[in-house]
Amino acid sequence: MSSLRKNKIFHQLFFILVLWTSILFTFEDVKEFKIDFFKNFTLKNGLEVYLIEEKGIPLVFLDLIFKAGESSTQINYSGLATVTAEGIFSGTKKMKAYQIQDRLDFFGVKTKIKVADNYTHFSFIVLKEYFEPLLNMLSELIQESLFPNDEIMKKTKRLISEWQMNRINNKQLAFETMYYNFFKGSPLFRLFPTRESLSRITGKDCFLFSKRFYIPNNSIFILRGDLEHKTTFEILEKNFSGWERGQILSPFLYIPPKRSDANIILVDNPSSENVNVLFCIIFPSFDNSFRFPILVMNQILSGNPFSRLYLNLRESKNILSSVESYLKFFNDFALFYIYVTGKEENARRIIEETFSEIKKFSESKIDKFELENAKNYLKGNCSLSISYGERLVEILKDKFLYSLPDSFINNYIYNISEVDESSVERMVKRYIKFQPFLVIVVGRKNNLIEKIKDLGKIELFDNNLNLIKTQGE
Amino acid sequence: MINKAILLVLITIFSFFPVYSQETFNFPVKYFKLNNGLKVVLLEDRTHPVFTLAIFFHCGSRDEKIGKTGIAQILQNLYFQGSENFKPMEHLLLINKFGGELNAFTSEDKMVFYETLPSNLLKMALTLEADRMGSLRIDDGLLAIQKEILKRERQLKLSDQPYARSFFRIDELSFINFAYSHPIIGYKEDLELITFKDVYDFYTNYFTPSNACLVLVGNFSSEEATSLIKENFENINSGSSGVPPNLKEPPGRGELIETIYDSNARFPAFHIAYPFPSRDSPDFYPMEIIDYLLLKGNPSILKKKLLIERKMAYELGGGVEEREGMSLFKIFVLCYPGYPLNVTQSQIFQEIENLKNNLVSHKEIVMAKNQFKIEYLIDLRSTLGRAMKLGEFTVYFDNPYLINEELSRYMNVTPQDISRVAKKYLDKRNRIILNVIPEKK
C-alpha cells in the first residue's frame, strides 16, 4: 500500500475517532467558576488599579496599560506609539539609558512591551523585594522621560530593519494587506508603520505623545503576586499620586471599511515556499451581548483541534498544514479571520474547500455535540490560561478598553456556558451567511496565479502593498 | 526558673518550624508509596481551578544497550497509541477536548508524561494514566509506524540542519560511558534493528509502578485524590524497579579537541564542554550561577565580550546540562568569519581565568542570582513547574521536600564558591572542544 494511501486512511480513522470521542465519552464537562478574585481601587488622580493577591511565591507581575496605540498617532507618523513606548527607557532627568538598563538588569526584571492599534501595554515581572524600587523607577520613566534624539534614532533604525525583514514574512504581509483593505485611510491602518513614517519620528514627537496619552486617568494598573492590599495602596500612592491627570480625548469614530471589490488579493512573496491564505470579514454594528456566541462560533468553525476546518481540511483531506482563527474586538465592530497554510499545489483547493466549509457552516444547524465540545474547550482553556495569569490580564484589559460591565469579568465562564445552538445560529446568519469574505493569498505569484486565476477578480500586490495589476472578473 | 523553662520550651517548639524567608517555602507536600511501590507526591493549591498530573519513570536513553538506541524515544511515542480501554490517540484527544494541555519528554535519566486540566477532571486524568501504565498496547504494526516516524524525525534534524551533527558529537566526545554518549533519538542503523521484544522488554522492565512517581499539583482534595489514585493504580503489578546502569566516568581524561566539517554550515562554530558533578554535589549550585555570569545573564560576561564589545560572534548558547551521573557545562559559539576559532576561544578562556582568579563583585553575583531567581520562581509559580520539580526530586533523591529549600542552596552561593568551582571544573585538563568548519559542497 502506498504511503499516500496509508496517510489518507490514517487521517480518516483519526476523524472517526474524534467523532466517537465526542459522542461516547461521558466524563464531566468543565465546571464554571466566578472570576472575582481581585480587588479594585482608584487613586485620586484616576489611576485604576486591579490587585490579585497570590501568596507564597515572592514575585510580582505588573501590567500597565494605556488606552492609546498606533491609531492615536497623527497621520504619517505610524510607529510613534511603539517608539514612544520603547523610548521611555531611553533616559530621564536623573538617569541615562545605560543606567536605566543597568538597574533593570540588576533587579532581574523581565520586561515586555506590546503596542496595538488602541493600546500600549507594559508588562514587568519582578522579585517582590524590588517591587517598590521598580515602581519608583517606573513613576520616573512615565513622567520624566526625555526621549533623547540619539536614543530614539537607534530605536527607529531597528524598527526600520524589522519592517524590512517583514517584507518577506508571510503572516505579516497577510495582516498588513487585510488592514490596508479594511482600514486604509482610517487611524486603524496606522498599526503598520513604514520606513518613511518611522524616519520622521523624533524625540520631541515621543515626548509630546507621552504627555498627551501617558496620563493616570487613561490607564489601568494590574498587579498580581505576593502583595497585600493596604501596603500596595500606600506604595502606589507614594509613587504615583504626583502623576497629573490629563484630558482624555474622545475615541475616533469608526470609519466604514473601504474594501476592494476584488474577491482575491494576491501578495507576491518570492521567498515563500508555501501558500498562506487569510480569509477575513468585518462584523459590523457589534453589540457586547454577541461576544460569547461569537467566541463559541469561532471555536466550532476553526478555533481548536475539534473544529470543522481543522478536522475536515487538515486531518481528513490533508490539504492544510495549519489552521488558526481569531476574533479581534473593536469598540463597535469585530474583525474575524481564518489563517491557513499549505502547499502551493493545493492553493486552489484550499480556497475552494475553505469556502465550501464556510458555506456549509452558515447553512446547516449547529450540532449539539459540536457546541458542547466548543464550550468545553473554551471553558477549560480559559481556566488554564487564567491560572497562568495572562488571560485574566487580557480580560481586564478588554473591560478597560471597551468599557465593559463588571459582569463581563465575573461571569466570563458562565457566559460561555449560557451559549446555545440558537444564539450561535443567529450569529452565523447575521455575520457570515450574507457577507463575502475577503481572501488574501501570500506566496510566489508566478506559481500561484495560474492556479487561482479562475476563482474571480484578483488584485495583485507586491510586498510593499503596491498594486501591480488587476485581472479577471 | 519557671521563665527559663518556658523559654526553653518556646525555643524547642520554634526550632521545629522551618525558617520562612524569600528563599525557602512552606509548600505542604504529601508523600507516600502505594503497596506496589508507586511513589505518590501531592501538593494542594486552591488558588486556581486547575491541576497538573505528571508521571515520571526513572529511566531513559541511558538504559539502552549498544546497538539498541532509540527505544526510549519510540516508547514515549507509543505511550499515546492506546491501551486496554482507550484507542490510539484517544488520550490526547480527550485532554484537548476539555481545553487541557499535555506533553511528554524523554531525557537520558527520566521519561515524563503530563497534562494540565480543569480541576473537576481529575478522575478522567487518573483513569487515562493508570490505563496506559498498566495495559499499554504495543504491537508490530504500531512499532513499525513509530520507527518510521523516528527515522523521519532524525532525518529532518540531521540531514540539512546546520550544526545538528555537532550537537550529537559533543556528547559522544564528552562521555566515555555509553549511557550518556549516544543520542536520545538513537542511531539510524539501530532503529532498523529494534524489535517488538526490545520495546516490550523496556516497557515491562522500566514502565512499572515500582520505577515510577505520580505527581499531582493543584486544586484537589488530598483525601479524594488519594482514594482515586489507590483505586486506579494499586492493582497494577509492581514489576521490577529497573537496574540502574553504571553512570560513572573514568577520571582524568585530559583535554580533547576535535574538528568536524559541516556542508550545511555557513559560519564556523565551536562547542566547549566541561564535565562536572550533578545535583547531589554541593558544587552543582555554584555552577548554575556561573552559567548566569558567563552565558545566560543580561548582560553576561561572554555576551558583553564576544557579541557586543569585540563582535567576534553573533550567537552564543549553552549552559548547564544536568544528568544524574555527571553534568556538563557547555558553551556554543557561532562565529563571524575572519576570526580564527582559537582567537575567540582564547578570549573565552581568558574570561574564565578572570573568574577563577578574581572574586566576582557583589553587584555581579547579586545580579546573576536575581536573574536566576526570577526564572526559578516563574517556574515554581505554575502547577506544571512545581510538578516537574517535585518529580525530579523524588525520582533522583527520593525527597520531594527539597522543593522547599532548593532555592536557598543557589542563593547561598558566594564569590568564593564561584572561584573554587571554576578552578576545579573549568580547567584545561577537563575540557572538550569541538570545532565546526563549513565544508564547501
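Descriptive notes on the structure:
- Evaluating A:LYS112 against the criteria (1) within 14 Å of another protein chain (Cβ to nearest Cβ); (2) part of a strand (DSSP E or B); (3) out of contact with any Ser or Thr (no Cβ under 6 Å at 6 or more places or on another chain); (4) among the basic types (Lys, Arg) leaves one unmet condition, (3).
- No other residue among A:ILE100, A:ILE160 is within 14 Å of chain B (Cβ to nearest Cβ), among the hydrophobic types (A, V, I, L, M, F, W, C), in a helix (DSSP H, G or I) and within 30 Å of A:THR194 (Cβ to Cβ) apart from A:ILE100.
- Comparison of B:LYS296, B:LYS303 shows that the only residue that is within 22 Å of B:ASN358 (Cα to Cα), in contact with a helix residue (DSSP H, G or I) (Cβ under 9 Å, 6 or more places away or on another chain), touching a residue at least 12 places away in the same chain (Cβ under 8 Å) and surrounded by fewer than 18 Cβ atoms within 10 Å (Cβ to Cβ) is B:LYS303.
- Just one of the listed residues (A:PHE89, A:PHE106, A:PHE122) is within 13 Å of chain B (Cβ to nearest Cβ) and of a type in the set (A, V, I, L, M, F, W, C), namely A:PHE106.
- B:TYR180 vs. criteria outside any helix (DSSP H, G or I), in contact (Cβ under 8 Å) with a residue 12 or more places away in the chain and of a type in the set (Ser, Thr, Tyr): no
- Any hit, region A:146-155, residues being more than 30 Å from A:GLU176 (Cα to Cα) and away from chain B (no Cβ under 14 Å): yes
- In region A:367-395, of all residues being under 21 Å from the mean Cα position of the chain (by Cα) and acidic (Asp, Glu), the one that is farthest from the other protein chains (Cβ to nearest Cβ) corresponds to A:GLU394.
- Summed over region B:350-397, residues that are aliphatic (A, V, I, L, M), within 14 Å of chain A (Cβ to nearest Cβ) and surrounded by fewer than 19 Cβ atoms within 10 Å (Cβ to Cβ) total 2.
Here is a yes/no grid of residues against (1) more than 26 Å from B:PHE27 (Cα to Cα); (2) over 26 Å from the mean Cα position of the chain (by Cα); (3) not charged (D, E, K, R):
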| position | (1), (2), (3) |
| --- | --- |
| B:VAL217 | no, no, yes |
| B:LEU228 | no, yes, yes |
| B:ILE236 | yes, yes, yes |
| B:GLY242 | yes, no, yes |
| B:PRO245 | yes, no, yes |
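- Listed by first and then second residue, the pairs linking a residue in region A:97-108 that is under 16 Å from A:PHE147 (Cβ atoms) and at pLDDT 95 or above to a residue that is in a helix (DSSP H, G or I) and of a type in the set (D, E, K, R), with Cβ atoms under 8 Å apart and 6 or more places separating them unless they lie on different chains, are A:ALA97/A:GLU151.
- Residue check for A:GLU450: within 30 Å of A:GLU48 (Cα to Cα) and free of Cβ contacts under 8 Å to residues at least 24 places away in the same chain: no
- So A:GLU196, is it among the charged types (D, E, K, R) and farther than 30 Å from A:ILE264 by Cα: no
- Members of region A:394-430 found to be in a helix (DSSP H, G or I) and under 19 Å from A:LEU64 (Cα atoms), listed by number: A:GLU394, A:ILE395, A:LEU396, A:LYS397, A:ASP398, A:LYS399, A:PHE400, A:LEU401, A:TYR402, A:ILE409
- Considering region A:50-75, the residues that are of a type in the set (S, T, N, Q) and buried (at least 21 other Cβ atoms within 10 Å of the Cβ) include one that is farthest from B:PRO28 (Cα to Cα), namely A:THR73.
- Pair list, Cβ < 8 Å and 6+ apart or interchain, from region B:122-139 residues that are of a type in the set (S, T, N, Q) to residues that are crowded, with 22+ Cβ neighbours inside 10 Å and not in a helix (DSSP H, G or I): B:SER135/B:SER83
- Any hit, region A:32-42, residues being surrounded by 19 or more Cβ atoms within 10 Å (Cβ to Cβ), modelled with pLDDT under 90 and either more than 13 Å from chain B (Cβ to nearest Cβ) or more than 30 Å from the chain's Cα centre (by Cα) (or both): no
The values are calculated or read from the model by the stated rules, or taken from the named source; none is laboratory data. Since we're looking at a predicted model, the values are computed, not measured. Every residue, glycine as well, gets a Cβ built from its backbone with ideal geometry; the counts of neighbours run over all protein chains shown.
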